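Before I ask anything, let me first share the structure, which is written out below as structure tokens.
The values are calculated or read from the model by the stated rules, or taken from the named source; none is laboratory data. Just so you know, these numbers come straight off a predicted model, no measurement behind them. Quick reminder, even Gly has a Cβ in these numbers, built from the backbone with ideal geometry, and neighbours come from all protein chains shown.
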Amino acid sequence: MPQRVSYKPLLSFITGLVLSYSSIAAIRLPAIISDNMVLQQKSAIVLWGWADAGEKIIITAGWNKHPATVVANELGSWSVKLKTTGAGGPYTISFSASNTIVINNVLLGEVWLASGQSNMEFFMAKTSNSSYTGVINYQQEIKEADFPLIRMIDVPNKVADEPQNDFSGRWKICSPQTADTFSAVAYYFAKEIHKATGYPIGIINASWGGTPAESWTKKSILENDKDFNEILERYNKQCEAYPVENEKYKQAFSKWKADTAKRKGGAPTAPIGPNHNKSPYKLYNGMIAPIIPYTLKGVIWYQGEGNADRAFQYRRLFPAMIDSWRTDFNNRELPFYFVQISPHRSQNAEIRDAQLWTYRTVAHSGMAVTTDNGDSLNIHPRNKKLVGERLSLWALKNEYGKK
């Protein structure tokens, strides 16, 4: 009697090939282009993604009558510019080729990038970290945070050797159920702009505590400036003693802990390794590069503590970072509003002077003064409402014509 032949292995193999091919050919979008997003109104925005090389993608946006078409290049990348109308929504955007992706609940409004270190990262609510005690009266503030036209997306903390093209995240709609993990400064900033204009507000939060400006600066900027070369040289020497198993690194780390224990004010710089969040240029690669070229209205920034021990260098480093971001986001006049850090026993006046220098020498910038909002014992002052509101005053005057 002839044996029965099973076609299941062959069928599975063919199915696998089909699925494999489909996964390559299918349109893929970056995390930032997703449900609930806010796009910059009255602009030529950029949408982008990936597909099979040569694949034709049709993009249909709810505010436009005519679809846009683009063809993926030989590497499978594509991007397209769309004009946006005035503030409004919600809209849908569909991306159609061998598959179709529909993005829902899209608003047209104002998009701001919020970046810096821990005082920008500082949550609305109390966290398990003892230094993050939440904003003043945070329970009531969160209870009242019902603003469905304010959205925020968090870029996860990431150190990367090379520029990344995506991250894992989603847009959150501001509500009492979500506001606890909003950047407090960014929330109060967005709230004031929204209240004054009625526009939807989108915040892209890319911040990480304890980080210096060079971590957020493109590598080529540091490499091509002789004054910044020492940042890379110092970093490379520190990496030579890494990892912890290396005796030299263990000795350096032990000395740093001992020195820190003796100090009452600011601690000396800790030795760092190749995957440290203080590594130069690597937060730019991991947290800023993935959101380029998303169209922005402007940037708000709260950082400086991480460079207080090299304040004179910051006078050039900070403006160089701002200039390179403006180039990357294709807007030489991109508004950049930043916080002059509050007094603290570990800081010095020179870093605030360097920030003042930046305000005086960098066009389309503004500085929110917070010398009346410091806490000598807490480097994270809890009154983030004052900070966010002062940043908003710059934007309301310069970008929205308010007095």
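Quick one: which of K397, K403 is modelled with pLDDT of 95 or more, surrounded by fewer than 17 Cβ atoms within 10 Å (Cβ to Cβ) and farther than 21 Å from T211 by Cβ?
K397
Looking at this structure, is G210 closer than 28 Å to L296 by Cβ and in a loop (DSSP other than H, G, I, E, B)? Steps first, please.
Values: closer than 28 Å to L296 by Cβ: yes; in a loop (DSSP other than H, G, I, E, B): yes.
It is true that G210 is closer than 28 Å to L296 by Cβ and in a loop (DSSP other than H, G, I, E, B).
Here's another thing I want to ask about it. Would you list the strands (runs of 3 or more DSSP E) that sit entirely within the range 44-132 and hold 1 or more residues that are touching a residue at least 60 places away in the same chain (Cβ under 8 Å) and closer than 21 Å to I291 by Cβ?
Strands (runs of 3 or more DSSP E) meeting the threshold: 44-50, 77-83, 88-96, 100-116.
Oh, and also: Checking the structure you have, find out if any residue of the range 360-371 is touching a strand residue (DSSP E or B) at 6+ places or on another chain (Cβ under 8 Å), among the hydrophobic types (A, V, I, L, M, F, W, C) and in a loop (DSSP other than H, G, I, E, B).
Yes, that holds for at least one residue.
Residues are listed down the side, and each one gets a yes or a no for (1) outside the structural domain of P176 (by TED's automatic domain parsing); (2) within 30 Å of T60 (Cβ to Cβ); (3) under 17 Å from the mean Cα position of the chain (by Cα):
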site	(1), (2), (3)
T92	yes, yes, no
A97	yes, yes, no
I103	yes, yes, no
Q117	no, no, yes
E121	no, no, yes
A125	no, no, no
E141	no, no, no
P148	no, yes, no
D154	no, yes, yes
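Can you give me the number of residues within the range 234-290 that are within 27 Å of the chain's Cα centre (by Cα) and either at pLDDT 85 or above or more than 21 Å from G209 (Cβ to Cβ) (or both)?
19
Still on this model: Out of all the residues in the range 312-357, which are of a type outside the set (D, E, K, R), crowded, with 20+ Cβ neighbours inside 10 Å, over 22 Å from the mean Cα position of the chain (by Cα) and not in a loop (DSSP other than H, G, I, E, B)?
I351, A354
Which one of A51, A31, A87 is of a type in the set (A, V, I, L, M, F, W, C), modelled with pLDDT of 95 or more and farther than 23 Å from N165 by Cα?
A87
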